[in-house]
1. Sorted by accessible area (1.4 Å probe), largest first, how do 79, 35 line up?
2. Counting pairs of alpha carbon atoms under 8 Å apart in space and at least six apart in sequence, what relative contact order in percent does segment 38-141 give?
3. Can you work out ³J(HN,Hα) from phi for every residue in segment 87-104, in order, using Karplus 6.51 cos²θ - 1.76 cosθ + 1.60 and θ = phi - 60°, giving whole Hz and x for Gly and Pro?
4. Based on the Cβ-Cβ distance of residue 77 and residue 29, what FRET efficiency does E = 1/(1 + (r/R0)^6) give at R0 = 41 Å, to the nearest 0.05?
5. For the chain, with all protein chains present and a 1.4 Å probe, just round the carbon and sulfur fraction of the accessible area to a whole percent.
6. With θ set to phi - 60°, apply the Karplus curve 6.51 cos²θ - 1.76 cosθ + 1.60 along segment 37-43 and write out the HN-Hα couplings as whole Hz, x wherever there is a Gly or Pro.
7. Ignoring trypsin sites (Lys or Arg not before Pro) that are buried or in helix or strand per DSSP, and keeping those with at most 16 other beta carbon atoms within 10 Å, what is the longest stretch of the chain between them?
8. What does the accessible area per residue of segment 9-120 come to in Å², with a 1.4 Å probe and no ligands, DNA or RNA counted?
Amino acid sequence: MNRSAVKFLLSVPLVTLLIIAAGYATARILGWNPHLIESVVAGAVCAVAVTLALLPALLTRRQSQAAVAQAALIGTVVHMFLSLVLATIVFVGSLPPDRRVFLFWMLAYYWISLITLVALLARLINAAPRAPAAVATALPSNQPANP
């Protein structure tokens, strides 16, 4: 993996940390209990899901835009599936002290991480090389174009 791909992958946890900090600050300003443990666990679940969801598109980034777009669609499915599975493991395992609050933080972080993921995937799709135009096959001169 080259440097740009590593920087790309490192941007995901940084965005997640900024969102956790913004959520914590917003809750404090409004006078609510921010439930820091639940917030950090939900943020970690979404950060793992987004990072792993970027891998299919990163692995195909040197291929055509169509291939990267298909990998991006797979990435969004991976993100949804991993978010659901990891959140279920955390929820059933009773890792956070207040599981209901964890679900609310998880819901917020899921949508924010999905928006982040789609923005990053769109950048990858736009950076991918366009496929060359399809070459029309020439028909033999003795065959009509429309049978």
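1. Details: 79 0, 35 50 Å².
Correct descending sequence by accessible area is 35, 79.
2. Numbers: 105 pairs, mean separation 45.6, N = 104.
With pairs under 8 Å counted, the relative contact order is 44 percent.
3. Once θ is set to phi - 60°, the couplings for segment 87-104 become 5, 5, 4, 5, 5, 5, x, 6, 5, x, x, 10, 5, 5, 5, 4, 5, 5 Hz.
4. Numbers: r = 36 Å, r/R0 = 0.88.
In this case the efficiency is close to 0.70.
5. Details: 6700 of 9410 Å².
About 71 percent, which is the carbon plus sulfur part of the accessible surface.
6. Those phi angles translate into 4, 4, 5, 5, 5, 5, x Hz.
7. Values: sites that count: 62, 130.
Segment 63-129 is the longest.
8. On the way: 6200 Å² over 112 residues.
Dividing the accessible area of segment 9-120 by its residue count gives 55 Å².
The values are calculated or read from the model by the stated rules, or taken from the named source; none is laboratory data. Only a predicted model underlies this, so the values are computations on that prediction, with no experimental measurement involved. Cβ atoms come from the backbone with ideal geometry, glycine included; neighbour counts cover every protein chain shown. Accessible surface areas use protein heavy atoms only, side chains included; no ligands, DNA or RNA. Shrake-Rupley method; radii C 1.70, N 1.55, O 1.52, S 1.80 Å.
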